[in-house]
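Every read-out reported here was derived from the displayed coordinates using simple, explicitly stated rules and does not represent laboratory data. Bear in mind the structure is a predicted one, so any value in this text is a computation, not a measurement. Cβ placement follows ideal geometry from the backbone for every residue including glycine, while neighbour counts extend to all protein chains displayed.
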Amino acid sequence: MSYVRTEDLVDITPASAGASEEPVALVAIGIFQDAETLSASQQALDALVDGGLTRARERGDFRGRDSDDDFALFHRDGDGPQRVLFVGMGKVEKADRETVRKLAGRAVRRAEALSVTELHLVVPALAGEEDGAFEAVRAGAEGIHLAAFDFRELKTPGEGDDAPKPLVDRALLSVDADGEAPSGVEEAIRVGSAFGAGENLARILQFRPGNVATPSHLAEVAEAMAADLGLEITVLGPDEMKAEGMGALLSVAAGSEEEPRMIVLEHRGGGEGEAPLALVGKGLTFDTGGISLKPPKGMEDMKFDMSGGAAVLGAMKAIGMLRPVVNVVAVVPSSENMVNGKATKPGDVIRTRQGKTVEVINTDAEGRLILADALSYTADHFKPAAMVDCATLTGACVIALGHQAAALLGSDDDLVEELRGAGDRSGERCWPLPLWDAYRSQLDSPVADLKNVGGRPAGAITAALFLSEFKGDVPWAHLDIAGTAYGEPRAPYQRKGGFGFPTRLLLEWVRTRSG
């Protein structure tokens, strides 16, 4: 198991005929809640099923609510589609890109239930967007790729009744717009497919267990991806880390038989010498907690502690596909946090690459240690225009924001606002928390420059304050994704497990910055 060309999982192309004419196994179209009139495409499909949609609405069987259960499916014979699916999208005034992604997810899920592997998705132009047709098609392509993904590479294929449901592997996309067909559909599909492919790579890496997705494995995947997409890559091992003085990262890796790696990927799409945008992701491939051992219940999910690194690698995949006109550097510090006779102990004092010393109070607060060396390395070697890190860092973040938003903290208000907006547009939302100096005293240590935990109060904030000590003079922001990176699905295009969050948020930010 290594690099996977996730863009090949679904073949998405523009539809060449109208919604009622395309000869496919399933056509799916969204209907807004309590819509008083139907569009031309909706009317044509209603006529194709002999007014079945109109009757379902009149009887209250279908209302168009934003719900996985609000749909109307019709089977038919003759030319055109074999099945017609009307999917609820909720209230029209709330429609945005996420509405379209959910429409795509529900269409794909219904196709799976029917063992259908091809569909034609008709998306509504988004009235609130500058180019509503483009953004709707882009979101539709994202949603199809995300929903059609299922991690099956470690399962033995079944036969007969035990065989898994086939996955959607071909899709057509069109816009539900009266009049002349909008332009730019192919480009919108290209962009949306890249976003989906990047996030799907992140999900694959998340799902792979700790005995597969080791630090060396992440580096191998990155090397294969770089060769495929024309990215520059450098991989640092223990010797290079020692030469750099990365005492924090090496202290976390000390208890493991697996060697640490630091993966550095570069996309050079901007001007020569132009300061890059920097993405830094925590790549802790398995976290036992170290000597501050975690309880056994749920420890299997600690394979997801590399979710930040997975998202950064996924973002670089999409960046390599899209080739934006901007320089981007990605840095993924990767190690395990294990227990042996050489493992770092509570009370140990370590020296970071930057030179500051840290008293290790809790070895289970290891993510901030590997990020400390990664941030200072990135700031010093690349002098980025802005630097964003993402990490499953604190349980305190989950207590504060639950599973609906990542915590967002940073040193630059403009950067924080850029990321918040990118989160809203991408559907991977984040919310700011304060980064006030008043909390800094919680990190004071009697024996070192600072300690690695600041106690229970404001745990997400003190963790970010710890990281801020190592950013240098670079505008910097931190995304704590502990509550959003994995878990139970919260959107119809997700499955239980890894979500790839915040791959699309990072991509939306880079794409916005590149103009």
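How much length, in nm to one decimal, is gained on full extension between Ala35 and Glu187, taken as 0.36 nm per residue of separation minus their Cα-Cα distance?
Details: separation 152, 0.36 × 152 = 54.72 nm, distance 3.00 nm.
So the extension gain works out to 51.7 nm.
Per residue, what volume in Å³ does the convex hull of the Cα atoms of region 6-176 enclose? Kindly include the intermediate steps, with their values, before the conclusion.
Working: hull volume 20.7 nm³, N = 171.
Looking at region 6-176, the number lands at 121 Å³ per residue.
Taking loop as defined by DSSP and a crowding limit of 13 other beta carbons within 10 Å, which trypsin sites (Lys or Arg not before Pro) in region 220-309 fit? Present the calculation step by step, with values, prior to reporting the outcome.
Details: sites: Lys242, Arg261, Arg268, Lys282, Lys297, Lys303; in loops: Lys282, Lys297.
Sparse-neighbourhood loop trypsin sites (Lys or Arg not before Pro): Lys297.
Expected output is a single nm value to one decimal: the length gained when fully extending between Thr13 and Glu93, i.e. 0.36 nm times separation in residues minus the C-alpha distance. What is it?
Taking 0.36 nm per residue and subtracting the Cα distance, the gain is 25.9 nm.
Nearest 10 degrees is fine. How inclined is helix 185-207 to the longest principal axis of the chain, computing both from alpha carbons?
That helix lies at roughly 50 degrees to the long axis.
Which GluC sites (Glu not before Pro) from region 359-435 combine a DSSP loop assignment with at most 14 other Cβ atoms within 10 Å?
On the way: sites: Glu359, Glu366, Glu417, Glu418, Glu428; in loops: Glu366, Glu428.
Counting only loop positions with at most 14 other Cβ atoms within 10 Å, none of the GluC sites (Glu not before Pro) in region 359-435 qualifies.
Put +1 on the Cβ of each Lys and Arg and -1 on the Cβ of each Asp and Glu in the chain; which of Ile461, Ala391, Val92 then has its Cα farthest toward the positive end of the dipole?
Going by the Cα projections, it comes out as Ile461.
Calculate how steeply helix 307-322 sits against the longest principal axis of the alpha-carbon atoms of the chain, using the helix alpha-carbon long axis, and give the answer as 0 to 90 degrees to the nearest 10.
That works out to roughly 60 degrees.
Of all beta bridges DSSP finds with both residues in the chain, what is the antiparallel percent, to the nearest 5?
On the way: 27 of 69 bridges.
Here the antiparallel bridges make up roughly 40 percent for the chain.
Taking the chain as the reference, fit the longest principal axis to its C-alpha atoms, fit the long axis of helix 97-113 to the helix C-alpha atoms, and give the angle between the two in degrees, 0 to 90, nearest 10.
Between helix and principal axis, roughly 70 degrees.
Could you check the spin-label model distance between Arg268 and Arg490? Points 7 Å from the Cα along Cα→Cβ, value in nm.
Computed distance between label sites Arg268 and Arg490 equals 4.0 nm.
Suppose we keep just the alpha-carbon trace of region 1-101; what are its Rg and Dmax in angstrom?
15.5, 53
What does the helix-only formula give at 222 nm for the chain: each DSSP H stretch with n ≥ 4 adding -39500 (n - 2.57), the total divided by the residues, and the result rounded to the nearest 500 deg cm²/dmol? The partial results should precede the final answer.
Details: 14 runs with 177 residues, N = 515.
Calculated at 222 nm, the ellipticity per residue is -11000 deg cm²/dmol.
I want the antiparallel fraction of DSSP beta bridges within region 6-176, as a percent rounded to 5. It would help to have the intermediate numbers written out before the result.
On the way: 5 of 24 bridges.
Rounded to the nearest five, the antiparallel share is 20 percent.
Work out how far the C-alpha atoms of region 314-422 reach from end to end along every principal axis, then list the three figures in whole Å, largest first.
Principal extents (Cα only, largest first): 48, 35, 26 Å.
Would you work out which of Gln33, Ala177, Ser20 lies farthest towards the positive end of the dipole of the chain? Charges go on Cβ: Lys and Arg +1, Asp and Glu -1.
Gln33
Go through 192-204, 491-503, 18-30 and give me the packing order, highest mean Cβ count within 10 Å leading. If you can, show how the numbers build up before the last one.
Working: 192-204: 28.1, 491-503: 23.8, 18-30: 22.1.
In descending order of packing, they fall as 192-204, 491-503, 18-30.
Would you mind calculating the gained length between Glu58 and Ala113 on full extension (0.36 nm times residue separation, minus the Cα-Cα distance), in nm to one decimal?
Additional length available on full extension: 17.2 nm.
Could you tell me whether region 347-391 comes out rounded, prolate or oblate from its Cα gyration tensor? Rule is a ≥ b ≥ c as square roots of the eigenvalues, rounded for a/c under 1.5, then prolate if a/b exceeds b/c, otherwise oblate.
Details: a/c = 4.25, a/b = 1.75, b/c = 2.43.
Note, shape of region 347-391 comes out oblate.
Given the alpha-carbon gyration tensor of the chain, what are the semi-axes of its equivalent ellipsoid in whole angstrom, ordered largest first, with each equal to the square root of 5 times an eigenvalue?
Each semi-axis is the square root of five times an eigenvalue, giving 44, 22, 21 Å.
Taking the Cα centre of the chain as origin, sum charge times position over the Cβ atoms of Lys and Arg (+1) and Asp and Glu (-1), and report the length of that vector in debye to the nearest 20.
Numbers: 53 positive and 79 negative charges, 244 e Å.
Using Cβ point charges on Lys, Arg, Asp and Glu, the chain gives about 1180 debye.
If the cut-off is 27 Å between C-alpha atoms, which lysines fall inside it for Lys383, apart from same-chain ones fewer than 8 positions away?
Cross-link targets: Lys242, Lys282, Lys317, Lys356, Lys451, Lys471.
Give me the percent relative contact order of region 210-296, please, defined on Cα pairs under 8 angstrom at least 6 residues apart. Before the final figure, lay out the partial values.
Details: 65 pairs, mean separation 32.5, N = 87.
It rounds to 37 percent for region 210-296.
Taking every pair of alpha-carbon atoms in region 99-204, what share in percent sits in each 5 Å bin, from 0 to the bin with the longest distance?
P(r) for region 99-204, in whole percents per bin: 2, 13, 21, 22, 17, 11, 7, 4, 2, 1.
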